[in-house]
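A.B. asks: If you scroll down you'll find the structure; I have some questions about it.
The values are calculated or read from the model by the stated rules, or taken from the named source; none is laboratory data. Treat the numbers as computed from the prediction; the structure is a model and nothing was measured. With ideal geometry, Cβ positions are generated from the backbone for all residues, glycine too; neighbour counts draw on all protein chains shown.
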Amino acid sequence: MNLNNDIKKILVTNEQIEARCKELGEQIDIDYEDKKPILLSLLRGSIPFVTTLSKYISIPIEFDYMKVSSYHGGTSSTGNVAVTILPASKLEGRHLIIVEDIVDTGFTLSTVVKILKTYKPASIEVASLLDKPSMRKVDDLDIKYVGFIVPAEFVVGFGLDYNELYRQLPYVGVLKEEVYTKK
Ligand code: PRP
C-alpha cells in the first residue's frame, strides 16, 4: 500500500513549504532579536512544521511542547479541549510562539492562548502552517505567521493526519473522498 495513492491533489508542495518557512524564519529573526522566544509546539501535528521552520531561524530559541486533545462529538469540533503542557521551561516573562499545523474552527488555539496567559508570559504569538479561515468559529484569533491559506477540504500530510495516518507525507494534499467514506 502506498499512501500517496490516496491523495486526490497536492495543495502545497514540499518546495513551497520550505520556501515559506524560510520567509517566516527570517521574519521571526527580525521580530524576536534579543528576545530568545520559546517555540511552543502542539503535539502531534506540528512536529514537521516546527522542525522545518526552526531550520530557518538563526536567533537563539528554545523548544517546548504541549499536548492538546479535542473531544469531537462526531465529525465536528465541540469546543471541548484538554491541554497538557510538558514543562521544560518556565513560561513566565518569556516570549512564546505557539506552533500549530492548522487552525480550523479555532477552538483549540483560543483555549491554548487562554491557558497560556495564566502563566504570565511576556508575549504570545502564533505560527500556523495552514489556516482554514472559512471554518472559523472563534473570531478573536490573531495568527501572526501563516504558512498557507487552504480551502475547506480534508487535508493531510506534513503533520496532518486522518486516523493517525498520512502525517509523514512531505506535502499537504487533499484526501480522496473514498478513503474516508469507505468502512
Ligand atoms: C488538530 C490540529 C489543531 C486542531 C485544529 O489537532 O493539529 O491542533 O486540530 O482544529 P480547531 O481549530 O478546529 O480546534 P488534533 O486534535 O487532530 O491533534 P493532532 O495534532 O494530534 O492531530
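A.B. asks: Is there any pair with a first residue in the stretch 98-112 that is under 14 Å from L24 (Cβ atoms) and a second that is part of a strand (DSSP E or B) and near the ligand (Cβ under 6 Å from one of its atoms) whose Cβ atoms are under 6 Å apart and which are 6 or more apart or on different chains, and what are they?
C.D. replies: E100/L42
A.B. asks: Further question: Here are some conditions: (1) touching a helix residue (DSSP H, G or I) at 6+ places or on another chain (Cβ under 8 Å); (2) more than 12 Å from the ligand (Cβ to nearest atom); (3) of a type in the set (F, W, Y). F158 meets all but one. Which one does it not meet?
C.D. replies: Status for F158: all satisfied but (2).
A.B. asks: Of all residues in the stretch 52-69, how many are surrounded by fewer than 14 Cβ atoms within 10 Å (Cβ to Cβ) and either closer than 19 Å to T111 by Cα or within 16 Å of the ligand (Cβ to nearest atom) (or both)?
C.D. replies: Residues that pass the stated criteria total 2.
A.B. asks: May I ask you to say which residue of I10, I59, I17, I30 is at pLDDT 95 or above, part of a strand (DSSP E or B) and either within 17 Å of Y171 (Cα to Cα) or not charged (D, E, K, R) (or both)?
C.D. replies: Result: I10 is the single residue among I10, I59, I17, I30 that is at pLDDT 95 or above, part of a strand (DSSP E or B) and either within 17 Å of Y171 (Cα to Cα) or not charged (D, E, K, R) (or both).
A.B. asks: Please name all residue pairs, on different chains or six or more residues apart, with Cβ atoms under 7 Å, provided the first residue is in the stretch 39-53 and is touching a residue at least 40 places away in the same chain (Cβ under 8 Å) and the second residue is polar (S, T, N, Q) and within 12 Å of the ligand (Cβ to nearest atom).
C.D. replies: I47/S41; V50/S41
A.B. asks: Anything in the stretch 128-183 that is among the β-branched types (V, I, T) and within 16 Å of the chain's Cα centre (by Cα)? List them, or say none.
C.D. replies: Matches in the stretch 128-183: I143, V146, I149, V150, V155, V156, V172.
A.B. asks: Is there any pair linking a residue in the stretch 132-150 that is free of Cβ contacts under 8 Å to residues at least 40 places away in the same chain to one that is in a loop (DSSP other than H, G, I, E, B) and of a type in the set (D, E), with Cβ under 6 Å and at least six apart or on different chains, and which?
C.D. replies: K132/D104; M135/D104
A.B. asks: Something else: Of all residues being within 16 Å of the ligand (Cβ to nearest atom) and surrounded by 18 or more Cβ atoms within 10 Å (Cβ to Cβ) in the stretch 71-95, which is modelled with the highest pLDDT? Just the residue, please.
C.D. replies: Among them, the one singled out is V81.
A.B. asks: Which of the residues that make up the stretch 95-143 are small (G, A, S), under 21 Å from D161 (Cα atoms) and touching a strand residue (DSSP E or B) at 6+ places or on another chain (Cβ under 8 Å)?
C.D. replies: Across the stretch 95-143, the qualifying residues are A127, S128.
A.B. asks: Sticking with this structure for a sec: Considering only the stretch 101-127, state which residues are small (G, A, S) and under 15 Å from the mean Cα position of the chain (by Cα).
C.D. replies: G106, S110, A127
A.B. asks: Out of the residues in the stretch 161-178 that are without any contact (Cβ under 8 Å) to a residue 40 or more places away in the chain and farther than 19 Å from S41 by Cβ, state the one that is farthest from the ligand (Cβ to nearest atom).
C.D. replies: Here the residue is E178.
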